[in-house]
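Here's the structure we're looking at; comments come further down.
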Amino acid sequence: MGQLLCCVQVDQSTVAIRETFGKFDDVLEPGCHCLPWIFGRRIAGHLSLRLQQLDVRCETKTKDNVFVNVVASIQYRALSDKANDAFYKLSNTRSQIQAYVFDVIRASVPKLNLDDAFEQKNDIAKAVEEELEKAMSAYGYEIVQTLIVDIEPDEHVKRAMNEINAAARLRVAANEKAEAEKIIQIKRAEGEAESKYLSGLGIARQRQAIVDGLRDSVLGFSVNVPGTTAKDVMDMVLVTQYFDTMKEIGAASKSSAVFIPHGPGAVRDVATQIRDGLLQASAHN
């Protein structure tokens, strides 16, 4: 109906391309326009000025010979002041942009190792954006933003990378566990050494106390019983200790059986052996 009345409507965020007898005449902005078809004028087509997005998936190879799929997201739009270029110069805008993206990615990624490609995604995106901006501006398009949204290695490569990462973490855990066990062993050895040192001090003090007690007993008995010698007192002390030991062995209900010679001669032999041992120790000191 609008064409019959020589009126056309152009929607918001859209421009219309007007031709006169097949030749470009003007770019019509959004709104209502008079189009007298009898003078050879017509609408050749419409061009959207909205922001558009194109996702490009490109397969390439890194410097360390790993095949990856690089996914790039291109946001672009047509410029209203260059609408005639955008409408006439390109027959397939998306295919043209995709070709430039392939060219830049396949020129940039092969120069990087796989780990570097992940770290330098922004640099790759910037290179793609600069190349697209330079090429597409001549066709009336503006590149708003370019993003490298994903880099996908082959599934076997990802599995190998995960295994390497897991092995490295296990190695770190094993080292930490070994260090912990080493510290425990060192602390245990230090504790045992300290325990043995303190036990040795206790035994030494115990023996010193026994010697002091025996000395006091010998001196006291010699003073209180005239005519006795130190040897007689020592023999009596040793015999007393001998019988006390026998009493403790017999009183212990769970003690193991101990076979020792017993009798007056045995007691004398024990006293002689102990006395000779003490004399030899004194001689060495």
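The values are calculated or read from the model by the stated rules, or taken from the named source; none is laboratory data. Treat the numbers as computed from the prediction; the structure is a model and nothing was measured. Using ideal geometry, Cβ is built from the backbone for each residue, glycine included, and neighbour counts are taken over all protein chains shown. Protein only, heavy atoms only, side chains kept; ligands, DNA and RNA dropped before computing areas. Shrake-Rupley method; radii C 1.70, N 1.55, O 1.52, S 1.80 Å.
In the structure shown, do any of Lys61/Lys111; Lys23/Lys89; Lys63/Lys158; Lys61/Lys134; Lys23/Lys134 have a Cα-Cα gap over 19 Å, and if so which?
Long pairs (Cα-Cα over 19 Å): Lys61/Lys134; Lys23/Lys134.
If ligands, DNA and RNA are left out, what is the accessible area of Arg42 with a 1.4 Å probe, given in Å² to the nearest 10?
Approximately 120 Å² of Arg42 is accessible to the 1.4 Å probe.
Determine which lysines satisfy two conditions relative to Lys187: a Cα distance under 27 Å, and not lying fewer than 8 residues away in the same chain.
Correct list for Lys187: Lys177, Lys196.
At what distance in angstrom do the alpha carbon centres of the range 60-115 and the range 135-196 lie from each other?
First find each Cα centre; the distance between them is then 33 Å.
With each label point set 7 Å from Cα along the Cα-Cβ vector, what nm distance links Phe39 and Asp81?
Here the answer is 2.7 nm between the modelled labels.
Excluding ligands, DNA and RNA, what is the solvent-accessible area per residue of the range 41-164 at a probe of 1.4 Å, expressed in Å²?
Accessible surface, normalised per residue, equals 56 Å².
Ala107 versus Gln208, label points 7 Å from Cα toward the beta carbon: distance in nm?
9.2
Taking the Cβ-Cβ separation of Asn165 and Ser48 as r and a Förster radius of 41 Å, what is the calculated FRET efficiency to the nearest 0.05? All intermediate terms of the calculation are to be shown ahead of the outcome.
On the way: r = 46 Å, r/R0 = 1.12.
Once rounded, the FRET efficiency stands at 0.35.
Taking the convex hull of the Cα atoms, report for the range 52-153 its projected area averaged over all directions, in nm².
5.7
Any chance you could run the full-extension gain for Thr20 through Ala174? It's 0.36 nm times the residue separation minus the Cα-Cα distance, nm to one decimal.
Extra length from Thr20 to Ala174 when fully extended: 47.3 nm.
Once fully extended, how much extra length lies between Leu201 and Leu219, figured as 0.36 nm per residue of separation less the alpha-carbon to alpha-carbon distance?
3.8 nm
Please report the accessible area of Lys196 (heavy atoms, 1.4 Å probe, ligands and nucleic acids excluded) in Å², nearest 10.
The value for Lys196 is about 150 Å².
In nm, what is the difference between 0.36 nm times the number of residues separating Thr245 and Phe67 and their Cα-Cα distance?
55.3 nm
Run the quick spin-label model on Arg57 and Gln9: label points 7 Å from Cα toward the beta carbon, then report their separation in nm to one decimal.
Rounded to a tenth, the inter-label distance reads 4.0 nm.
Which shape class, rounded, prolate or oblate, goes with the range 7-48 when its Cα gyration tensor gives a ≥ b ≥ c as root eigenvalues, a/c under 1.5 marks rounded, and past that a/b bigger than b/c marks prolate? List each step's numbers first, then the result.
Values: a/c = 2.82, a/b = 1.52, b/c = 1.86.
Cα axes put the range 7-48 in the oblate bin.
Rank Tyr88, Tyr197, Tyr76 by accessible area, highest first, at a 1.4 Å probe radius?
Tyr197, Tyr88, Tyr76
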